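Data first, discussion second: the structure below is written as C-alpha cells.
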Amino acid sequence: MSTHIGPTPQELRRALYEAAEWVASYLETVGDRPVLARVTPGEIAASLPQSAPLKGESLETILHDVDRLILPGITHWNHPSFFAYFGISGSGPGIVGELLSAALNVNAMLWRTSPAATELEQRTLAWVVEMLGLPKGWFGEITDTASASTLYALAAAREAAGMDIREQGMAGRTDLSPLAIYTSTQAHSSIDKAAIALGIGRRWTRHIDTDAEFRMRPDLLERAITDDLTAGVKPIAVIATVGTTSSTSIDPVDAIADICERYSLWLHVDAAYGGAAAVVPSHRHVLAGCDRADSFVTNPHKWLLTPIDCSLLYTRRPDDLKRAFSLVAEYLHTNESDVINLMDYGLSLGRRFRALKLWMVIRAYGREGLARLIEGHIKEAQWLASQIDAEPDWERLAPVPFSTACFRHVPAGIADLEAHNAAILETVNASGAAFLSHTKLNGVYAIRVAIGNQATTHDHIERVWDLLRQTAAQQLR
Ligand SMILES: Cc1ncc(COP(=O)(O)O)c(C=O)c1O
C-alpha cells in the first residue's frame, strides 16, 4: 500500500493540465451559459455531503464535481452579458498570475519573506500611477478591496489629525470632540462602514447633497464643515468619488481639494471603478484634481482585467499610514534597513502575492491594449445612451461619463413605473441572456447596464437593448 498522502506529482500534473483545459474552454464558452445562476436557495448546499470525506479523493473526481455540483450555482461574472453592478473581467493573464501566486504561496508581510513580492508590488503600482497620470512618487500598496483601502486611508487621516487615538483610544476621553467625515449622498457604503469600524460613527458621517448630475456640491460641503466647526465637532477627512456606484458621477475633486486645503482636511478619493478610465488618454480628465489627494483608491479587479481581489491604495503620506498601523512583534524584526515591510501599512499581517497577476495583466495587454478595451466599453455605453435618448418611451436618468447607463421605461398610462421597470429587469435576468441590476436616483427606480467585460462586443449590447425593449413591450400586453 502506498504511504503517499495527497495527490502524487503525476496526478497533480495531470490535474493541472486538465484544469488548464477547463479554464480555457470555460472562457471560450461562458457566453453560451445563462448568466445568472438558476438555483433556489439551499439547493447547492443540499447537494453537498454533510461531512468532509474521510479518505482523500482523486483530483479528477473533484474536478468533475466542479462541473456537476458547483457550476449550476455559479453566476457568471466573466460572461460578456454580465452588466450588473460593475461588469468585470478575470482575464487569462490574471488567471495565470493567480495560479502561479498560489503555487509560490508567499506571504509578503516583510520584504524578507519574499523580496520579489514587495518589490514587484511597488514597481507595478508605480506603473499604474504613471498609466493614470497621477503623481510619481506616491506610495502604493495592494489590498483586497476598496472597502479595506478606504478604511486604511481613513485610519491614516484619523491618526494624522493628531489625537493619538492609536495609543489612547477614543472611549471615555474628555479631550475629544466628535470627529466628522464628509462624503456625498451618492458615496459607497464602504465609507460608512469605515466610519463604523473607526469609531467615527454614522451620525458624524456627513452625506453632502449632490447637484442634478449626482456630483457633490462643494458649497454645501463647505457649509457643513463650518457648521460642524461652530458646533465644536472636529472635521478630519473628505471622501470624493470618481465614478459613484449608482450613476458613475464624478465629484468636483479640484474644488473639494481647495476646501480640504482651507480647513486642513485629509482628502481621500474613491475611484474604485472610475480610476481605470484614465488609462485612456482622452479620459485622463476624469481624474482632474486627484493629484491633490492625500490618498486614492482604484480597483484593478473592477475595470482593469484583474481577477478579484485586487485594490490599489495610494497615499502621498505613507508615514501617516504607517503610524496608524505599524506594530512590530519581536519575531517580525529583521536586520534590513531601507526596505518596505508591507505589513506596516495595513491591518493584516499576512498578504497574498497579488502583484503578480496585476503585473501579468499589464504586460500581456500593454497600456495600449487596456486603453483600447476600456475605450471600447465607454463607446458602447455611449451608443446605448444614444439609443435610449432616441426612444420617447425610454428615459435616461443620469449622464454616462464611463461605461454605465441608468434609465427606465416610461410609457404613457403606467401608474407604477417602479413595479413596471422592476418587472422588466426580473424578466430579462430570468431569461439568462443577460444580468442587469438596478439603483434608485432621486428616489426613482433605474435599470442599470454596466459594461466592463473584455469579451463584450457591440452585438451583446444590441442584444440586451433589443431584449429590454421586447420585454418592456410584453409587460404592456
Ligand atoms: C465607488 C465604489 N467604491 C467602493 C466600492 C467597494 O468596492 P470593494 O468591493 O472592492 O470593497 C465600490 C463597489 O462597487 C464602488 O462602486
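The values are calculated or read from the model by the stated rules, or taken from the named source; none is laboratory data. Predicted, not measured: the structure shown is a model, and the values here were computed from it. Every residue, glycine among them, receives a Cβ derived from its backbone with ideal geometry; neighbour counts consider all protein chains shown. Surface accessibility is based on the protein's heavy atoms, side chains included, excluding ligands, DNA and RNA. Shrake-Rupley method; radii C 1.70, N 1.55, O 1.52, S 1.80 Å.
For the chain, what is the accessible area per residue in Å², given a 1.4 Å probe and the full set of protein chains?
In whole numbers, the chain has 47 Å² accessible per residue.
What is the chain's relative contact order, in percent, from Cα pairs under 8 angstrom and six or more apart in sequence?
The normalised contact order for the chain reaches 21 percent.
Net charge within 14 Å of S311 by Cβ-Cβ distance, Lys/Arg positive one each and Asp/Glu negative one each, not counting S311 itself?
Net charge around S311: 0.
Any idea what Rg and Dmax come out to for the stretch 347-477 if you just take the C-alpha atoms, in Å?
Cα only, the stretch 347-477: 18.0, 59 Å (Rg, Dmax).
Taking the Cα centre of each part, how many Å lie between the stretch 292-348 and the stretch 167-215?
22
For the chain, would you read off the P(r) tail past 35 Å as a percentage of all alpha carbon pairs?
39
Just for the Cα atoms in the stretch 172-254, what are the lengths along the principal axes, largest first, rounded to whole Å?
Over the stretch 172-254, Cα extents along the principal axes are 41, 26, 18 Å.
In whole Å, how far is the Cα centre of the stretch 233-262 from that of the stretch 44-109?
37
For the stretch 156-213, give the percent of accessible area contributed by carbon and sulfur heavy atoms, probe 1.4 Å, rounded to a whole number.
Solvent-exposed carbon and sulfur of the stretch 156-213 make up 44 percent of the total.
Could you check how many percent of all C-alpha pairs in the stretch 80-140 are farther apart than 15 Å?
When every Cα pair of the stretch 80-140 is considered, 67 percent fall beyond 15 Å.
How large, in percent, is the carbon and sulfur part of the accessible surface of the stretch 229-316 at a probe radius of 1.4 Å?
For the stretch 229-316, the apolar C and S fraction of the accessible surface comes to 53 percent.
Share of the stretch 400-452's accessible area from carbon and sulfur, percent, 1.4 Å?
Carbon plus sulfur share of accessible area: 54 percent.
What ³J(HN,Hα) values, in whole Hz, does the Karplus curve 6.51 cos²θ - 1.76 cosθ + 1.60 give for the stretch 179-196 when θ = phi - 60°, with x put for Gly and Pro?
My calculation for the stretch 179-196 gives 9, 10, 10, 10, 8, 8, 5, 9, 5, 6, 5, 4, 6, 5, 5, 4, 5, 5 Hz in order.
Student exercise: in the chain, how many lysine pairs 8 or more apart or on different chains have Cα atoms under 28 Å apart?
Step by step, the pairs that qualify in the chain add up to 15.
In angstroms, what radius of gyration and Dmax does the stretch 310-389 have, counting Cα atoms only?
20.0, 64
DSSP loop (so not H, G, I, E, B), at most 12 other Cβ within 10 Å: list which GluC sites (Glu not before Pro) in the stretch 38-111 pass both filters.
Those that pass, being in a loop and sparsely packed, are E57.
For q = 0.14 Å⁻¹, what log10 I(q)/I(0) does the stretch 116-194 give under the Debye formula with an equal point scatterer on each alpha carbon and no solvent?
Debye output, listed in q order: -0.68.
Report, as a whole number in µm² per second, the diffusion coefficient that Stokes-Einstein gives for the stretch 125-168 at 25 °C and 0.890 mPa s using the Kirkwood radius over alpha carbon pairs.
For these conditions, the coefficient is 201 µm²/s.
Normalised radius of gyration for the stretch 230-333, please: alpha carbon Rg relative to 2.2 N^0.38 Å, two decimal places.
Taking the Cα Rg and dividing by 2.2 N^0.38 Å, one obtains 1.24.
Antiparallel as a % of all DSSP beta bridges within the chain, to the nearest 5?
In the chain, DSSP labels about 60 percent of beta bridges as antiparallel.
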